[in-house]
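Colleague: Mind having a look at this structure? Questions to follow.
The values are calculated or read from the model by the stated rules, or taken from the named source; none is laboratory data. This one's a predicted model, so the numbers in the text were calculated from it and none came from an experiment. Note: ideal-geometry Cβ built from the backbone for every residue, glycine included; neighbour counts use all protein chains shown.
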C-alpha cells in the first residue's frame with residue numbers, strides 16, 4: 001500500500017499536510033453529541049477557536065477591514081460569518097481545524113511605511129442596502145489623502161419582500177410588482193453616499209477648469225435625460241399594472257356578485273325546506289299522538305283480556321277441583337249405600353229368625 005503523498009510547501013497556506021478529515025470521523029456516531037477531545041492528547045484541536053461548520057449551516061462573508069497584500073496594494077479581506085438559523089445546533093470539529101483546508105491564503109506581511117505612498121484599493125463607495133452588515137465594515141474616513149472607503153449605507157437594512165403596507169391584523173400586504181413602489185423612484189432606489197464621497201467631489205470639482213466642468217455637467221445632463229425617459233416609461237408600466245390590478249378587482253367583484261346570488265338562492269331554498277319540515281313535523285306529532293293513544297288503548301284492553309283469561313282459568317281450575325270432590329263423594333256414597341243395604345239385610349234376616357224360634 002503506497003503512502004499518502006504530501007502537498008508541496010506553500011508560503012501562503014495556513015495549514016500544511018493536513019490529514020483527510022473523514023479518517024477521524026469514522027468512529028463517531030452521528031446521533032450522539034461529539035465528545036470534547038482531551039487537551040493532553042497530541043493533535044487535539046483547540047475548540048476555543050471559531051467552530052468549523054461542515055453540514056447544516058450556511059456561511060456569509062462579512063468585511064473585516066483593509067488588509068495589506070504582498071503586492072503593496074490595500075484590499076479588503078472578507079471573512080466567513082455564520083448565518084445559520086437561530087436554534088440550529090452547530091457542532092465543532094472534534095479535532096479543531098485539523099483536516100480542513102483554508103479557502104483563502106493569508107496575506108503576507110508587508111512594510112507599512114513602504115505601502116503608505118501607494119494608492120489604496122477598496123470597494124465602491126456606493127452600495128445597495130444589504131440585509132445586515134457589521135460595524136467593522138465601516139472604514140474610518142481619512143482627511144489627508146484621496147482614499148476610497150465603504151459606504152455608510154451598507155449598515156442600513158432593507159427587505160425586498162417586505163411590504164410597506166399592513167392590514168388590520170398587522171401582517172404585510174402581498175401584492176404585485178409595484179406594491180413597494182417603483183424601481184427608479186423612492187427611497188429603495190437611491191444609493192446612500194458616504195461623506196467622503198462629497199468631500200472627494202468638492203475637492204475634484206475645485207481642481208477642474210470651467211471647460212472641463214461644463215463638459216462633465218453636459219454629460220450628467222444627458223444621463224439625466226435618459227434616466228427621465230426610463231422613469232416616464234416605468235410610470236406608464238406602473239399605470240398599466242394599476243389597470244391590471246383594477247381589472248382583477250373587477251373580476252373578483254363579479255365573482256362576489258355571483259356568490260351573493262347563489263347565497264340568496266340557497267337562502268330561499270333553505271326557507272322552503274324549513275317550512276316543509278315544520279309541516280311534516282306537525283303531521284308527525286299529530287300521527288304520533290294518535291299512535292300513542294291507540295297503543296295505550298290496546299295495551300289496556302290486552303291487560304283486561306289477560307285478567308279475564310286468568311279469572312276464567314282460575315274458575316275452571318276450581319270447577320275441576322270441585323268435580324273431583326263430587327266424584328269422590330258419589331263413589332263414597334255408592335259404596336256406603338251398598339254397605340248399608342247389606343247391613344240392613346243382615347239385620348232383617350236375624351230378626352226373622354228370632355221370631356220363628358219362638
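Colleague: Tell me whether segment 255-266 contains one or more residues that are assigned to a helix (DSSP H, G or I) and either under 30 Å from residue 183 (Cβ atoms) or touching a strand residue (DSSP E or B) at 6+ places or on another chain (Cβ under 6 Å) (or both). Don't jump to the end; show me each part of the working.
Modeller: Looking only at segment 255-266, we keep the residues that are assigned to a helix (DSSP H, G or I), and these are 255-266.
Okay, now just the ones that are also either under 30 Å from residue 183 (Cβ atoms) or touching a strand residue (DSSP E or B) at 6+ places or on another chain (Cβ under 6 Å) (or both), so none.
So far as segment 255-266 goes, no, none of its residues is assigned to a helix (DSSP H, G or I) and either under 30 Å from residue 183 (Cβ atoms) or touching a strand residue (DSSP E or B) at 6+ places or on another chain (Cβ under 6 Å) (or both).
Colleague: Out of (1) closer than 30 Å to residue 164 by Cβ; (2) within 49 Å of the chain's Cα centre (by Cα), what's the single condition that is false for residue 196?
Modeller: Among (1) closer than 30 Å to residue 164 by Cβ; (2) within 49 Å of the chain's Cα centre (by Cα), the lone unmet condition for residue 196 is (1).
Colleague: Do you know which residues across segment 162-193 are modelled with pLDDT of 80 or more, part of a loop (DSSP other than H, G, I, E, B) and in contact with a helix residue (DSSP H, G or I) (Cβ under 8 Å, 6 or more places away or on another chain)?
Modeller: 177, 178, 180, 181, 182, 183, 184, 185, 191, 193
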